[in-house]
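Data block below; observations after.
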Amino acid sequence: MDSLTWVMLAAAFITVASLIYGILGYYQNRQKLRERVKGGHTQAVPIFRREERESALKRRFLEWVGRFGKLAMKDPEDASQMRSSLIQAGFRHPRASSVYFGLRVLGAFFLPLPYLMYFFVQGKTTSGSLLIAFVFAGVGFYLPQYFLKVITRRRQDRIDKALPDVLDLLIVCMEAGLAMQAAFNRVAEEIKPVSKDLHKELLITNAELRTGIPREMALKNLGERTGVQTVKSLVGLMIQSDKMGASVAQSLRTHAAFTRVQRGQKAEEMAAKLPVKILMPMIGFIFPAIFVVVLGPAIIQISKASFFTG
């Protein structure tokens, strides 16, 4: 048999196998659908869907790190404050506080370890090297705190930037006749492609309202979870309008206009700070290059002239 015959046989086999696989998959899906319809029960839709489940290795690692964190957590009040800070950064895992403190302890222990091992192998351990190792330990202890602040600030900036769009959607929904809870649910679904942070926060607020938590408390929890000043102002405005019986939609419209003006003022402030911030990079990197380009040929000519005259 020549090569063309083998290619034709292989193509026929692949085609038949793919057709059989597709037919079996189709009937299997149809059978699962019939079983779900006959079952007559619907599963509750979760607030958050995990794209992938935690692996066993990741779960064990978190448990191991959390054990060190429990040793470092002495004061329950500090743990509660840290829990609030982690929620503002977007970390809602039940073991988030213990994992955070565990990372600080492990950072203080493991960061200076390579430095000390190098000097122990060289046999040149001195008091100066031990002092530097303590500095590395301090850096490792405070490094997670720094990263937490950076993550929190970036998340709050994203929420602050997406807030005017959320306000516009809330105004449209409430003027269309939707109640606050239904408006939150609708806006949460619409805002998901734009801001996942606000999408999650609005879903949590809607879930709190469904469980029977008072509206004032649920809105206050929204402001505390985000930690954004504009969201807290919005929450206070909505609570006050609800108590006074005023139009919440009109109050939101006024607040949306104020938020846009405030965002423009922040942009102008950042633009005004730019010349001061760019001064040090110019002095350190741009001016030396300019001096080399401008004065370099003159220095070369002067050195050549002094060489020939000498």
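Quick note: the coordinates plus some simple rules give every number you see, no bench work behind them. The shown structure was predicted, so the numbers you read here are calculated from the model rather than taken from an experiment. Positions of Cβ are backbone-derived with ideal geometry, glycine not excepted, and every protein chain shown enters the neighbour counts.
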note = Cα-Cα longer than 20 Å, checked against 58/200; 196/266; 192/266; 232/266, kept in input order, equals 58/200; 196/266; 192/266
request  = Quick one: order 278, 159 by neighbouring beta-carbon count within 10 Å, fewest to most.
outcome  = 278, 159
request  = Pull out the extension gain between residue 295 and residue 240, defined as 0.36 nm times the separation in residues minus the alpha carbon to alpha carbon distance; nm, one decimal.
outcome  = 13.1 nm
query = Of the trypsin sites (Lys or Arg not before Pro) in the range 139-197, which ones lie in a loop per DSSP and count no more than 14 other C-beta atoms within 10 Å?
reply = none
request  = Rounded to whole Å and sorted largest first, list the principal axis extents of the Cα atoms in the range 156-271.
outcome  = 46, 28, 25
